[in-house]
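Peer 1: Could you have a look at this structure, given as structure tokens, before my questions?
FYI, it's all coordinate maths here, none of it is from the lab. Being a predicted model, the structure only gives us computed values, none of them experimental. Virtual Cβ from ideal backbone geometry, glycine too; neighbours counted across all protein chains shown.
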Amino acid sequence: MLSAILLPHLKRNFQLGQFYRCLNYDWDSSRNQVIPSSRISQGCARVYLLASIFYVIVKFIGILSSSVPLSDKIFHVALGWIYAASTVVGTELIANPAIVQLMNLIYQPQEHGGTTSPSGIWNGKKFLKLIDLTYSLLYFTCDIIFPPIMALLLIFLPCQAPLLGSLILPKNESGILFLWEESSKILSYPKFSLGYRKLQVMESVLNGAIRSKLFPILLIISPCMQIIATFAVIKFQHVMPAAGATYRTSCYYLKSLKGMVNNSLETKLLKSYTPLKIRFGSNFMDELTPLIIQQFCTMQTINLLLLL
């Protein structure tokens, strides 16, 4: 069952959240359900949230007020937007009872041996294994690989935007790399010409090794991936989004119930049923939502190219 696959990943995230006191939710092992975390943990989570919001605001102010070329700003904004999006998604001052109820509805049936297992792809071993590997990969990337990379980035490139070091530290004479660079110039000065010749030889070897691979990756594989992804969204939009499939399936089900009503009470009850809609804001997901998103991204890309 899908909940049995997701439950260990959920518990692991709650354990990390309890250790760092950065989540508004916790896992109660005695009752086997999700509960709001303690007041101290929720208070620490609010502090982390306010610090993240302040960091995002200062980061974008620094990027917009920077004198670097526009091409560099776009790269910095792209990196900053990833962090900003994560901050917006996690914006929550207190534990939401609806989220607690939803998570318990998902995971409690498996704990108590309740509902029957779904049929089809949702209960297939390959599909469940793929979901498990996906969440394991996300955990390995976000919790194990990403933090050391950020630490190394702060050590080697403290002045690189969108890091705050680009605002706090001087841009001309700061950073550990600057110290290492100047030290290496002094220490290797007697063998300067010989060392540079070795670098030239290494450059030739490196170009010979990766030149035939780098060109197809940048100019063939990347555009082809974009074309295939766009084609898949447009061609198979009716089967890709789970939210749209939920709306479509519920519509078909309600239509099939019209021939099963036996009296006026059931007819009125059927009329009160509405299709299931996964909402975002004031709208809801349907089968055409991927096309609308694709059209929006295309139009905004064209506008940026025309304006800039």
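Peer 1: What's the ranking of 15-28, 294-307 by average number of surrounding C-beta atoms within 10 Å, highest first?
Peer 2: Details: 15-28: 16.2, 294-307: 10.0.
Taking the mean over residues of other Cβ atoms within 10 Å, the ranking is 15-28, 294-307.
Peer 1: How much length is gained on full extension from F54 to D143, taking 0.36 nm per residue of separation minus their Cα-Cα distance?
Peer 2: That works out to 29.8 nm of additional length.
Peer 1: Here is a further query. Can you give the FRET efficiency for T267 and L105, using 1/(1 + (r/R0)^6), R0 = 25 Å, r = Cβ-Cβ distance, to the nearest 0.05?
Peer 2: Values: r = 30 Å, r/R0 = 1.20.
Step by step, r from the Cβ atoms, then E = 0.25.
Peer 1: Quick one: length gained pulling L2 to D28 fully straight, 0.36 nm per residue minus the C-alpha distance?
Peer 2: Roughly 7.3 nm would be gained on extension.
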